Amino acid sequence: MDHILGWQDLVSVPITLLFIYTLANWKYQKYKQTLLGRYFFLGLHLKVVGCFAHFAYHYYIYGGGDTFAYYQVSLNWIQAFGRLPWETFISLFQSPEYYDFNLLEIFSDPFYQTHNERRLTKITSFIGLLTFGSFLSIGLWLSFFAYWGIWRIFKTFTTIQPHLVKSAAITTLFIPSIIFWSSSISKDAVTMGCLGLCFHAIYTIFFIRRINFSVLVSFIVAAYLNSNKKG
């Protein structure tokens, strides 16, 4: 695991944090004059800490784990992209039975053979391509996605019970196990993000009876990513 951290993290992590907090601040403008606003950045700070804690636990204490196996497949994908960019990009939309033999190193990996793991490695590979292959940056983006789903759950609860904002925050944003385990490079992070988006979309469409393009698209994408469909 000596190759997990490197120059790419020193370069990419500050840029990633800048992007994440810029996006968060843009979205925060919608909530800063409401009771929800006081919890927005506190929850995000804790999620970022959870990402680093998740990495530290698996790297320094546990000494391994699936999170590093996902990352290794992503590195293989990025290296293959440098050799065969078009074929490697197309592989994001293919299953192993249709693979190019030039990409055998990717498709033959056990974590690419199982479709649940394969979907996560495709996500991490694409993010890794944009973040110089930085483990921590990939983990931060997945953690941010998970937090966005959790925030959607919190927002939905406060819509149903607007007088229980503090209680809703405690039971959604500040649960230690959720902060920790749905962070970094893990299926839990993607699952939590998708669950939150689906939960909010279903409530908006079927209970508030309001349909807009962004809600519908987020529901379709999240439902697909969280499904058992091979891909």
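Odds and ends about this structure:
- Answer from PHE145, PHE157 - the residue that is open to solvent by 20 Å² or more (accessible area, probe 1.4 Å) and free of Cβ contacts under 8 Å to residues at least 24 places away in the same chain: PHE157
- ILE4, sole failed condition from (1) within 23 Å of SER186 (Cα to Cα); (2) open to solvent by 10 Å² or more (accessible area, probe 1.4 Å); (3) part of a loop (DSSP other than H, G, I, E, B): (2)
- Condition check for LEU130: aliphatic (A, V, I, L, M), closer than 24 Å to TRP26 by Cα, crowded, with 23+ Cβ neighbours inside 10 Å and under 17 Å from the mean Cα position of the chain (by Cα): no
- Per-region count, the range 27-57, residues more than 19 Å from the chain's Cα centre (by Cα) and either part of a helix (DSSP H, G or I) or not basic (Lys, Arg) (or both): 10
- Inside the range 87-104, residues that are closer than 20 Å to TYR224 by Cα, part of a helix (DSSP H, G or I) and at pLDDT 70 or above make up a count of 5.
- Pairing residues of the range 72-96 that are open to solvent by less than 70 Å² (accessible area, probe 1.4 Å) with residues that are basic (Lys, Arg), at Cβ distances under 6 Å and at least 6 apart in sequence or on separate chains, gives LEU92/LYS122; SER95/LYS230.
- Residue within the range 105-117 that is outside any helix (DSSP H, G or I), among the aromatic types (Phe, Trp, Tyr) and surrounded by fewer than 24 Cβ atoms within 10 Å (Cβ to Cβ) present: no
- Picking from residues in the range 168-202 that are over 30 Å from ALA56 (Cα atoms) and not β-branched (Val, Ile, Thr), the one that is most open to solvent (accessible area, probe 1.4 Å) is PHE199.
- Scan of the range 42-71 for residues that are open to solvent by 20 Å² or more (accessible area, probe 1.4 Å) and among the small types (Gly, Ala, Ser), ordered by number: ALA53, ALA56, GLY63, GLY65, ALA69
- Output for the range 149-193, where each listed residue is among the basic types (Lys, Arg) and not in a helix (DSSP H, G or I): none
The values are calculated or read from the model by the stated rules, or taken from the named source; none is laboratory data. Since we're looking at a predicted model, the values are computed, not measured. Ideal geometry is used to build each Cβ from the backbone, glycine not excepted, and the neighbour counts take in all protein chains shown. Please note that ligands, DNA and RNA were not included when accessible areas were found on the heavy atoms of the full protein model with its side chains. Shrake-Rupley method; radii C 1.70, N 1.55, O 1.52, S 1.80 Å.
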